[in-house]
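Where a number appears in this text, it was derived from the coordinates with a stated rule and is not lab data. Computed from a prediction, not measured in an experiment: that's the story for all the values here. Note that we place each Cβ from the backbone using ideal geometry, even for glycine, and neighbour counts take in every protein chain shown.
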Amino acid sequence: MKFVSFTALIGITMRYDSVTDAMLGVLRRHLRHDGWTAPRLAAHFGIGEATAKRWIVGKGLTLERLEQMAGLCGMTISELAREAEHARSGMKRELTLAQERALSTDVFLSFLFMTILAGATPQELIDDFELKRPVLDAALGKLERLALIDRLRGDRVRPLVDRALIFRKLPMRALFDKYVKHQFMEMDFAAPEAVYTAEMLKLSDAGAGQLAELMERLRRDAQVLGDHDREESLRPRRWMMMMCAIRPFDASGVADSAADFSGN
């Protein structure tokens, strides 16, 4: 009889759970991309919407049902497992300088990469931005050669970089300055549809660093919100941009304003 230590058994169980969770995460992403919401799954399988939601998170989901749900996305369980294993191995959190340079030389290529990170499918990009298929395919091929994406069967695309990546190098920052920043600088903050908030704080360098961390967490929360909205909302969606910024307060005009103050 072969004995397995309790510690080893725990390790095997934890590894199984982590693989299962990764497979479910991959499945949910593909279901969202292909438009399989909980109501649509419920109608397809003839079950209640609550049951469909439980299946999506892995509760009460048999191997047969998992295979059927993977099939809705044109995938087999083995393909699901391979993609999950790739996801578990850890994605890059930062681009190389060569990758940033390649993206920064082509605004369309960098835009395409960012939309793929946001979960867009090739067909969705064609529909949303009236792209020609040969142009899109050529750009996707270049992103694949740069080791930024994988192209899968069924016209699916998988990013090879973590969505929470941080651009730390000059090329992408210069691209932002040229093509994106002006859209925020020219924004009419008095317009009824304008959404913004502002606050004045007196902070140490440590406090400013903590505020920057809060902003980064907000960005990740916004990504989760976008994924949830893609899955649950039946209303039309449009592409939005969000920018958070902190900067030292320019108090050069305060003294002049005080001198002009009448008190009336």
Task: Fewest-first sequence of THR105, THR197, THR51 by Cβ atoms within 10 Å of each Cβ - done: THR197, THR105, THR51
Task: Rough spin-label spacing in nm, given labels placed 7 Å along Cα→Cβ, for ALA251 and ARG40 - done: 5.6
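Given charges of +1 on the Cβ of Lys and Arg and -1 on the Cβ of Asp and Glu, with all other atoms neutral, how large is the dipole of region 99-164 about its Cα centre, in debye to the nearest 20?
260
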Open item on the list: Can you compute log10 of I(q)/I(0) for region 97-159 with the Debye formula, treating each Cα as one identical point scatterer, at q = 0.27 Å⁻¹?
Closed with: -1.34
- [ ] Please give the helix 77-88 orientation as an angle from the longest Cα principal axis of the chain, in degrees from 0 to 90, rounded to the nearest 10.
- [x] 40
- [ ] Mind sorting LEU234, LEU211, LEU112 by how few other Cβ atoms lie within 10 Å of their own Cβ, fewest first?
- [x] LEU234, LEU211, LEU112
Task: Efficiency of FRET between GLU232 and THR76 - r from beta-carbon atoms, R0 25 angstrom, step 0.05 - done: 0.40
Task: Kirkwood-based Rg to Rh ratio, the chain, C-alpha trace - done: 1.06
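Find me the longest stretch of the chain that has none of the exposed chymotrypsin sites (Phe, Trp or Tyr not before Pro), where exposed means in a DSSP loop (not H, G, I, E or B) with at most 12 other Cβ atoms within 10 Å.
It runs 4-188.
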Open item on the list: Which residues does the label zone of ALA118 cover in region 142-161, counting backbone N under 11 Å from a point 7 Å along Cα→Cβ?
Closed with: none
Task: Gained length - GLU130 relative to MET241, 0.36 nm times residue gap less alpha-carbon distance - done: 38.0 nm
Task: Spacing of the two label points (7 Å from each Cα toward its C-beta) at ASP162 and ASP137, in nm - done: 3.5
Task: Net dipole in debye of the chain [+1 Lys, Arg Cβ; -1 Asp, Glu Cβ; about Cα centre; nearest 20] - done: 1000
Open item on the list: Can you give the FRET efficiency to the nearest 0.05 for THR96 and ASP205, using r as the Cβ-Cβ distance and R₀ = 41 Å?
Closed with: 0.90
Open item on the list: Given the options THR76, GLY141, ALA194, identify the residue whose Cα lies farthest towards the positive end of the charge dipole of the chain (+1 on Cβ of Lys, Arg; -1 on Cβ of Asp, Glu).
Closed with: THR76
- [ ] Treat every Asp and Glu Cβ in region 131-205 as -1 and every Lys and Arg Cβ as +1, leave all other atoms uncharged, and give the resulting dipole magnitude about the Cα centre to the nearest 20 debye.
- [x] 580
TODO: Specify the angular offset, from 0 to 90 degrees and rounded to the nearest 10, of the alpha carbon long axis of helix 133-145 from the longest principal axis of the alpha carbons in the chain.
DONE: 90
TODO: Return one number: the angle in degrees, 0 to 90 and rounded to the nearest 10, between the long axis of the Cα atoms of helix 6-33 and the longest principal axis of the Cα atoms of the chain.
DONE: 70
Open item on the list: To check my understanding: the extent here is largest minus smallest coordinate of the Cα atoms along each principal axis. What are those three numbers for region 187-251, in Å, largest first?
Closed with: 45, 28, 13
Task: 10 Å Cβ shell holding at most 10 others, DSSP loop, GluC sites (Glu not before Pro): longest site-free stretch of the chain - done: 1-129
Open item on the list: Tell me the net charge near ASP137. Cut-off is 14 Å between Cβ atoms, ASP137 excluded, with +1 for each Lys or Arg and -1 for each Asp or Glu.
Closed with: +4
TODO: Identify, among ALA52, SER262, MET23, the residue whose Cα sits farthest towards the positive end of the charge dipole of the chain, taking +1 on the Cβ of Lys and Arg and -1 on the Cβ of Asp and Glu, with the dipole about the Cα centre.
DONE: MET23
Task: Entries of LYS92/LYS202; LYS53/LYS132; LYS142/LYS181 with Cα pairs more than 31 Å apart - done: LYS92/LYS202; LYS53/LYS132
